[in-house]
1. Check the stretch 72-81 and report whether any residue there is closer than 24 Å to residue 147 by Cβ, touching a Lys or Arg at 6+ places or on another chain (Cβ under 6 Å) and buried (at least 16 other Cβ atoms within 10 Å of the Cβ).
2. Would you check which residues across the stretch 15-46 are open to solvent by 20 Å² or more (accessible area, probe 1.4 Å) and among the β-branched types (Val, Ile, Thr) and list them?
3. Which pairs turn up if I take residues in the stretch 93-117 that are among the aromatic types (Phe, Trp, Tyr) and look for partners that are at pLDDT 90 or above with beta carbon separation below 8 Å, at least 6 apart in sequence or on another chain?
4. Out of the residues in the stretch 47-71 that are among the small types (Gly, Ala, Ser) and on the phi < 0 side of the Ramachandran plot, which is most open to solvent (accessible area, probe 1.4 Å)?
5. Sort through 117, 107 and tell me the only one that's at pLDDT 75 or above and of a type in the set (Gly, Ala, Ser).
6. Condition check: at pLDDT 95 or above and among the small types (Gly, Ala, Ser). Does residue 77 satisfy that?
7. Just the residues that are of a type in the set (Gly, Ala, Ser) and farther than 23 Å from residue 119 by Cβ, please, taken from the stretch 22-81.
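The values are calculated or read from the model by the stated rules, or taken from the named source; none is laboratory data. What you are looking at is a predicted structure, and each value in this text was computed from that prediction instead of being measured. As a convention, Cβ positions derive from the backbone with ideal geometry for all residues, glycine included, and neighbour counts pool all protein chains shown. Heads up: the accessible areas ignore ligands, DNA and RNA and are worked out on the full protein's heavy atoms, side chains in. Shrake-Rupley method; radii C 1.70, N 1.55, O 1.52, S 1.80 Å.
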Amino acid sequence: MAYDGCDMPQGLLAIWHDVLPGREADVSHWYNVEHHPERLSVDGFLEAHRYRLAGREGRQFMSLYRTRDPGVLFSAAYRARLEAPTPRTRELMPTYRNMSRTACRIALELGRAGGGAVAAFAGASAPGDWPIEDTLARLQERPGVLRCR
């Protein structure tokens with residue numbers, strides 16, 4: 001199991017959501033010029049990625065924030081940002097619909113390259129009930145798959 005040189009598993013904040021019709025450009029601009037830079041200024045936030053759903057039904061946007069460790073998502077610095085949103089954040093949050101926000105611990109990572117598309121799988125089984133290592137190893141062998149996390 002590789003954790004990009006870290007001794008402990010890194011954290012990951014995954015957020016899925018839709019926005020009201022007609023507000024997609026506003027939200028994308030806000031992510032690019034304000035929200036992602038703001039989050040990356042919080043000590044322990046390492047990367048921010050945003051994806052847009054291609055085609056099918058489901059939530060329009062997915063944002064992934066990788067952190068030094070899962071505790072960063074419960075830190076005083078991060079809580080301060082959540083509790084003091086910027087004026088633009090207060091304006092745009094009411095346009096969000098169907099939001100799901102999940103704090104995770106990266107338990108396994110295979111591959112190091114990143115691509116332009118992402119697939120996310122959700123499950124409700126208890127740890128050990130699902131052979132995640134085998135599943136990710138099989139996915140990693142597929143043509144075009146660069147990383148499984």
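1. No, the stretch 72-81 contains no residue that is closer than 24 Å to residue 147 by Cβ, touching a Lys or Arg at 6+ places or on another chain (Cβ under 6 Å) and buried (at least 16 other Cβ atoms within 10 Å of the Cβ).
2. Those that are open to solvent by 20 Å² or more (accessible area, probe 1.4 Å) and among the β-branched types (Val, Ile, Thr): 15, 33.
3. As it stands, the answer is 96/17; 96/18; 96/19, since those pairs meet every condition given.
4. Once the filter is applied, the top-ranked residue is 54.
5. Step by step, each of 117, 107 is checked, and only 107 is at pLDDT 75 or above and of a type in the set (Gly, Ala, Ser).
6. It is true that residue 77 is at pLDDT 95 or above and among the small types (Gly, Ala, Ser).
7. 22, 25, 41, 44, 71, 75, 76, 77, 80
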